[in-house]
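For reference, the structure is listed below as structure tokens.
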Amino acid sequence: MSRTKAIFLFFMLQITLVFAQSPPGYDLWLGYSEIEEPALLKEYQNTFKSIYFQNGNEMLHAAERELTTGIKKMLRKLPDFEKLRNSENTVVIAKKSNLESSLLKRLAFDFDQLGADGFVIKTVLFERKQVLIVTANEDIGILYGVFGLLNLMQQRESLKHIMLSDAPKVNIRMLNHWDNLDRTVERGYAGFSLWNWQKLPEYIDQRYIDYARANASIGINAVSLTNVNANALILTPAYLEKVQALAKVFRPYGIKIYLTARFSAPIEIGGLETADPLDLNVQNWWHGKVKEIYDYIPDFGGFLVKANSEGQPGPQNYGRSHVDGANMMAMALEPFGGNVIWRAFVYSEHDTSDRAKQAYTQFVPFDGKFRDNVLVQTKNGAIDFQPREPFHPMFGAMPKTPLMMEFQITQEYLGFSTHLVFLPKLFEEVLHSDTYSKGKGSTVAKVIAGSLNQKKLTGMAGVANIGTDLNWTGHPFAQANWYGFGRMAWDPYLDSETIANEWIKATYSQNPNFITAIKSMMLTSREAVVNYMNPLGLHHIFDTGHHYGPGPWVSELSRPEWNPVYYHKADEKGIGFNRTPSGSDATAQYAPELAKIFNDPKTCPEEYLLWFHHLPWDYKLKNGHTLWDGLALKYQQGVDQVKTMIVTWDDSKQYITPEQHNEVRMLLQIQLREAKWWRDACLLYFQTFSKQALPEGVNKPTKTLAYYKSLKFPFAPGIRPQWH
Ligand code: GCW
């Protein structure tokens, strides 16, 4: 070859390599970085000499493709697939039914414990050579097993003596997208909706496939595509054929589609005059609609419904109950194996009782009255996805109903996609909470996993933080919240530290110094945001509508429970919401053991103090500070924690690329500015009641309260823009 030709080819190769690379952050935790440790590389290369991969349907093909991608990137070589006898290979990936009996014997494993989704990864000695086996009962187990294997390699685990079996503890592991049909995303901070309704069904964006891969890699097996503030059009043929195309993309990855069903759809798209669930025509309409949907999508998951909540229509419009509404839809879905996920996020402007009590009051009397294919989806706390809330008392009070957890992955009340907040810390706190409903140890995790009350149908949903941003989630660290949600939906007993560890290695770096530092930054980040926004149990003091920044002074909205003053109740005497028997008595919704602890400010965990108590400004905290001083110091601590995060990030610069370092650095600077804004605005406002100076150690605000009150944010994302 001539020199010029060689140079030309060399450049072409470079160009191909450059173009073959995804934009920064696009690969999520599936970057499959090269194995640099020589000994481990050698071990893996030996292991992956030849692979038997069971041939089969599109799900097995998807798994095989993923394995090829992973091996190619991590080992820098294409795997050698052999389709001969499986035991002649060094790696065997096949369902139990396809394993040679000699290998099965070596495996000596009880497959019953795996169910459909579980898998085993085990290295056995066979005819004096090592064989790595990945096996499962079903195709989906093979898919999860392959992701499990790739994950082990991303964690740089030796496979020589591996023996891992894993199966999910929750059936429905679901993302709820709040995507509108115009592609805006309610409470979305990462661009627009992924679903390009105009180009579907013909045009299949690569992002749909990569989205499905990412979900499958963490075990997510269900998604609802559209906002719970629903538009009935999604149930019309024009949209169903587009949904069908997405279902086809997701199917090989084990993901079922659910749709949000607007309760008034029979009127809006069905031409009926009522949507009364006890009306025969309405029932027939839903039966017909469900059948039509299953013609398009035979494995359709079912409906997710927000009814009689924040202005959405529902059965109560006709004097009927949540049970009437949910069961009517459930009957239509039952013959096809579909579910109804009925949300319990309800509160009413006509109910003057404490908002925190209303969902419990409405739903608990219905325990045991829902049909078998209904799950009641309950937010983690009784108000609304606050930086910290005690767990929702419904979790301890509806033993006969499958309760599905709803977490919010998108950071509506946690600094949007500009603040680095590792949410698995929050998820873990909720899941580990003890409801005491069957004595000590009756954790929320056990309720959700169904083991506490022997539930067959179980689920966990997360409101997605995903959009068209190149890195999917806006903040690179918000990817960890998607990842962590999936991992905890699979296993609600997992701890957040394990998840942080896995994610850092799969996403950023294998360097132990980097991992230690960044892990501790992630693990404190949630407490930091609580401190600079809502310390000591404060909640819902966000500015109106967009919820961007503080608005504790807001008091004039039409519905009382939309005003922050409703929640903090600050006055000359003190601050906090009295939810004890002398107040709203919300504590009575918890088990007596817990109510007792919450009712006494001395035993109430201080992180929930102002959630349950209205206390004088000079009330003494456990550390000896007065409430006013302690509150101010917490705000300051939050700001200081962000400063520490910045130092940690800067110190870790050497382990990542300058681009990776810089994007998070810029975001951390915004976070710091906004943390100070929260501290100053809240303290200036609360000071008008406490009438006390800021304690030593708390920085003096540089602006006035009037200034903070005057701020307007027409550009705040997550809500339709209001420029006027
Ligand atoms: O948190 C609130 C949000 C609304 C949301 C609602 C809900 C989809 O501010 O935007 O509506 O909760 O969960 O239904």
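Quick one: of the DSSP bridges fully inside the chain, what percent are antiparallel, nearest 5?
So the antiparallel bridges amount to about 30 percent of the total.
Below 11 angstrom from the Cβ of LYS455, what's the summed charge of the other residues (Lys, Arg +1; Asp, Glu -1)?
Charge balance in the 11 Å sphere: +2.
Report, in whole Å, the centroid distance computed from the Cα atoms of region 372-438 and region 47-119.
Taking the Cα centre of each part, region 372-438 and region 47-119 sit 37 Å apart.
What are the radius of gyration and Dmax of region 124-171, computed over its Cα atoms and given in Å?
12.1, 40
Report the Cα centroid-to-centroid distance between region 161-205 and region 291-357 in angstrom, as an integer.
If we compute the Cα centre of each part, the gap is 21 Å.
With no solvent and one equal point scatterer placed on each C-alpha of region 139-279, evaluate the Debye formula and give log10 I(q)/I(0) for q = 0.14, 0.16 Å⁻¹, two decimals.
Log10 of I(q)/I(0), two decimals: -0.76, -0.92.
State in Å² the accessible area per residue of the chain; use a 1.4 Å probe, count heavy atoms of protein chains only, and round to the nearest integer.
Heavy-atom SASA per residue in the chain reads 39 Å².
For all pairs of alpha-carbon atoms in the chain, what percent lies in each bin of width 10 Å, listed from the first bin to the last filled one?
Here the calculated profile for the chain is 3, 14, 23, 25, 19, 11, 4, 1, 0, 0.
Any chance you could check the Cα centroid distance between region 566-644 and region 502-516 for me, in angstrom?
37 Å
I'd like to compare 164-176, 270-282, 413-425: which one has the highest average count of other Cβ atoms within 10 Å, and what's the full order after that?
Listed from highest to lowest mean packing, they are 413-425, 164-176, 270-282.
If you average the sequence gap of Cα pairs under 8 Å that are 6 or more apart and divide by the length of the chain, what percent do you get for the contact order?
11 percent
For region 263-272, what does the Karplus curve 6.51 cos²θ - 1.76 cosθ + 1.60, with θ = phi - 60°, yield as ³J(HN,Hα) per residue in whole Hz, taken in order and with x for Gly and Pro?
Each residue of region 263-272 in turn: 4, 8, 3, x, 7, 5, 10, x, x, 7 Hz.
Taking amide H atoms as placed 1.01 Å from N in the peptide plane, list the residues 5 or more away in sequence, or in a different chain, whose amide H sits under 5 Å from that of PHE81.
Correct list: ILE51.
Specify which residue in the list ALA449, VAL565, LEU420 is farthest towards the positive end of the charge dipole of the chain, using unit charges on the beta carbon of Lys, Arg (+1) and Asp, Glu (-1), about the Cα centre.
Value computed over the given set: LEU420.
Return the carbon/sulfur percentage of the accessible area of the chain, one whole number, probe 1.4 Å, all protein chains in place.
Carbon-and-sulfur percentage of accessible area, whole number: 54.
What 222 nm value per residue comes from the helices of the chain, counting each DSSP H run with n ≥ 4 as -39,500 (n - 2.57) and dividing by all residues, nearest 500 deg cm²/dmol?
-12000 deg cm²/dmol
Would you grab the residues whose amide H sits under 5 Å from the one on ALA307? Only those 5+ places off in sequence or on another chain, please, with H modelled 1.01 Å from N.
Amide H neighbours of ALA307, under 5 Å, 5+ apart: ARG343.
Would you mind checking which residues have amide H under 5 Å from ILE133's amide H? H placed 1.01 Å from N; only 5 or more apart, or other chain.
VAL92, LYS122, THR123, VAL124
Apply the Karplus curve 6.51 cos²θ - 1.76 cosθ + 1.60, θ = phi - 60°, to the phi angles in region 62-69 and return the couplings in whole Hz, x for Gly and Pro.
Going residue by residue, I get 4, 5, 5, 4, 5, 4, 4, 4 Hz, with x marking Gly and Pro.
Using a simple spin-label model with points 7 Å from Cα along the Cα→Cβ vector, what separation in nm is obtained for ASP367 and ARG559?
2.7 nm
Can you pull the one-decimal nm distance between simple spin-label points at ALA588 and HIS625, each 7 Å off the Cα toward Cβ?
Each label point lies 7 Å from its Cα, and together they span 3.5 nm.
Which residue, THR90, ILE383, MET521, has the largest displacement toward the positive end of the dipole of the chain when charges sit on each Cβ (Lys, Arg +1; Asp, Glu -1)?
THR90
Can you give me the distance in nm between label points at ASN229 and THR498, each placed 7 Å from the Cα along the Cα-to-Cβ direction?
3.8 nm
Pop out the ³J(HN,Hα) list for region 420-431 in order, Karplus 6.51 cos²θ - 1.76 cosθ + 1.60 with θ = phi - 60°, rounded to Hz; leave Gly and Pro as x.
3J(HN,Hα) across region 420-431, in whole Hz: 7, 9, 8, 6, x, 4, 5, 4, 4, 4, 5, 5.
So how strong a dipole does the chain carry about its Cα centre when Lys and Arg Cβ are +1 and Asp and Glu Cβ are -1, to the nearest 20 debye?
The dipole of the chain has a size of about 1160 debye.
The values are calculated or read from the model by the stated rules, or taken from the named source; none is laboratory data. No experiment lies behind these values; they were computed from the predicted model shown. No Cβ is skipped: glycine too gets one built from the backbone with ideal geometry, and neighbour counts run over all protein chains shown. Please note that ligands, DNA and RNA were not included when accessible areas were found on the heavy atoms of the full protein model with its side chains. Shrake-Rupley method; radii C 1.70, N 1.55, O 1.52, S 1.80 Å.
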